[in-house]
Every structure is written in structure tokens, then in C-alpha cells.
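The values are calculated or read from the model by the stated rules, or taken from the named source; none is laboratory data. For clarity, every value in this text was computed on a predicted model and none was experimentally measured. FYI the Cβ positions are ideal-geometry reconstructions off the backbone, even for glycines, and counts take in every protein chain you see. Note: accessible area is taken over every heavy atom of the protein model, side chains too, but ligands, DNA and RNA are not part of it. Shrake-Rupley method; radii C 1.70, N 1.55, O 1.52, S 1.80 Å.
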Amino acid sequence: MPGGAKKSGAKTSAHASGGLRAYQLHIELEGVYPRVWRRLLVPTTIDLSRLHVALLWSTGWQGGHLHEFVFADASYGPLEPDWDLPEGVIDESTVTLEEALGARRTFLYVYDFGDNWRHKVKVEKTVTLGAPLSLALCLAGENACPPEDVGGAPGYQDFLEALADPAHPEHDELKEWIGRPFDPAAFDVAEINQWLNHTES
């Protein structure tokens, strides 16, 4: 049982059974072209703080910005040092995905309030696994995550146009800013799963 001591008896069977249930999630970044999306398996009992990690790594964000989950009229966020949760926002570490969802099948994950990266997340189905899943497994996806701090969806579009045109007045500046080759079509499911496995602890 990852992250904890083993238990015996009926509770062990119940826990194991619950650990084998997973949601298949479809995550799509809103307002971005080419479309950036991922398909993940996550345990139904994953708490929202760990779901944040799974979404962060599977999408390709580096971290370091605030985020929020929105389920209809309920919002969940992280308890950060020296930062109080806004009024009405619930500590994400206290709630599982299953609890937050209830009967719903869609929710919103917002990352970086400045750039306002909005991810629409849909539960495609609930599956039974052959073995417990600690964090997440990426099944599929398309295209690269935009760079951090690029200016949200509009800034990303401007960035791609400038990068693709050597005659663009901001081409050299943005090429130096990104500091590496950037392929908007890049996607490697094996690499994403390596990152997800690396965060399992």
C-alpha cells in the first residue's frame, strides 16, 4: 500500500478494491491552438492536491504558480505558506476527486492566475485496474504545453507566430527568451509517464 502501513482484514480488501477503481480523464487546455489535450487514468480516491501534481506534470507545466479547482459552485485550492485561501475556497488536500465530483462529470482546473490557463476536465468513464495506481498514467494526448509566463492563450499565439517568422520584429528576442528549440507539436507519452512515476512517493 503506497505511502502507508498495511492493514489487515476486511478493511484491507475494501481499500484494495477502492484502489483499483480509476477515472479516465480527458483534459483540454481552453483557447489554445494547436489543441493541447491529455487522457489520464487517476485513482478515484486521489486527493485534489495530488491530482494537481498529476495534471501539472502530464500537461507539461513547471509549477510555481497558484492554481484552483472549480466544481460547479465549489472551489478548492492549496494552502501555501504565508498565503491564506480566498474566502470560500476549500483546502484541496482535504478532499478526494470522487468526493468533489459527486454526480458531476466535468470540472475546471485553473493554473497560473496571471496567464489564466483554464483546463476543462471531463470524466470519460470509471474503470477497474489490474493493479493499484499511485498517482496517474497518461494514455494519450496531443501537442506541447505552452511555455510558462508566455502571456496566456493570446500571448502563446503571438509567440508561435513570432517564432515561426525570422522576419518578425520579436523573433530574436523570443527565441532568446525561450532558450531552447520549441516544437508546438511535440508530445511524448513515455516521457510524461516517466515524470508521473518520478513524482510517486
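Among all residues of segment 117-125, there is at least one that is in contact with a Pro (Cβ under 8 Å, 6 or more places away or on another chain) and not hydroxyl-bearing (Ser, Thr, Tyr). Cβ-Cβ under 8 Å, sequence separation 6+ or interchain: first residue in segment 67-81 and polar (S, T, N, Q), partner open to solvent by less than 20 Å² (accessible area, probe 1.4 Å) and in a strand (DSSP E or B). Which pairs? Final answer for the pair search is Ser75/Phe69.
Residue by residue, here is whether (1) at pLDDT below 95; (2) not basic (Lys, Arg) holds:
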residue	(1), (2)
Pro81	yes, yes
Leu97	no, yes
Ala103	yes, yes
Lys125	no, no
Pro132	yes, yes
Cys138	no, yes
Glu142	no, yes
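Tell me yes or no: at least one residue of segment 144-152 is over 30 Å from Pro86 (Cα atoms), in contact with a Pro (Cβ under 6 Å, 6 or more places away or on another chain) and open to solvent by less than 30 Å² (accessible area, probe 1.4 Å). Yes. When the test is whether a residue is closer than 21 Å to Gly31 by Cβ and open to solvent by less than 30 Å² (accessible area, probe 1.4 Å), Val95 does not pass it. Could you tell me whether segment 182-193 includes any residue that is open to solvent by less than 60 Å² (accessible area, probe 1.4 Å), without any contact (Cβ under 8 Å) to a residue 60 or more places away in the chain and β-branched (Val, Ile, Thr)? Yes, because at least one residue in segment 182-193 is open to solvent by less than 60 Å² (accessible area, probe 1.4 Å), without any contact (Cβ under 8 Å) to a residue 60 or more places away in the chain and β-branched (Val, Ile, Thr).
Matching residues to (1) modelled with pLDDT of 90 or more; (2) open to solvent by less than 30 Å² (accessible area, probe 1.4 Å):
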site: Gly9; (1), (2): no, no
site: Ser17; (1), (2): no, no
site: His26; (1), (2): yes, no
site: Arg35; (1), (2): yes, no
site: Leu55; (1), (2): yes, yes
site: Val70; (1), (2): yes, no
site: Asp84; (1), (2): no, no
site: Val110; (1), (2): yes, yes
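When Leu137, Leu129, Leu163, Leu101 are screened for being touching a Phe, Trp or Tyr at 6+ places or on another chain (Cβ under 8 Å) and open to solvent by 30 Å² or more (accessible area, probe 1.4 Å), only Leu163 passes. Among strands (runs of 3 or more DSSP E) entirely within segment 93-201, having at least 1 residues that are within 22 Å of His65 (Cα to Cα) and touching a Lys or Arg at 6+ places or on another chain (Cβ under 8 Å) singles out 106-111. Checked against (1) in contact with a Phe, Trp or Tyr (Cβ under 7 Å, 6 or more places away or on another chain); (2) over 26 Å from Ala185 (Cα atoms), Thr94 passes all but a single condition, namely (1).
Of the residues Leu41, Leu51, the single one that is assigned to a helix (DSSP H, G or I) and out of contact with any Lys or Arg (no Cβ under 9 Å at 6 or more places or on another chain) is Leu51. Across segment 54-64, the number of residues qualifying as part of a helix (DSSP H, G or I) and within 15 Å of Arg118 (Cβ to Cβ) comes to 3. Checking Gly102, Gly141, Gly114 one by one, the residue that is more than 18 Å from Gln24 (Cα to Cα) and among the small types (Gly, Ala, Ser) is Gly114 and no other. For segment 168-181, filtered to residues that are of a type outside the set (Val, Ile, Thr) and open to solvent by less than 60 Å² (accessible area, probe 1.4 Å), the residue that is nearest to Leu40 (Cα to Cα) is Leu174.
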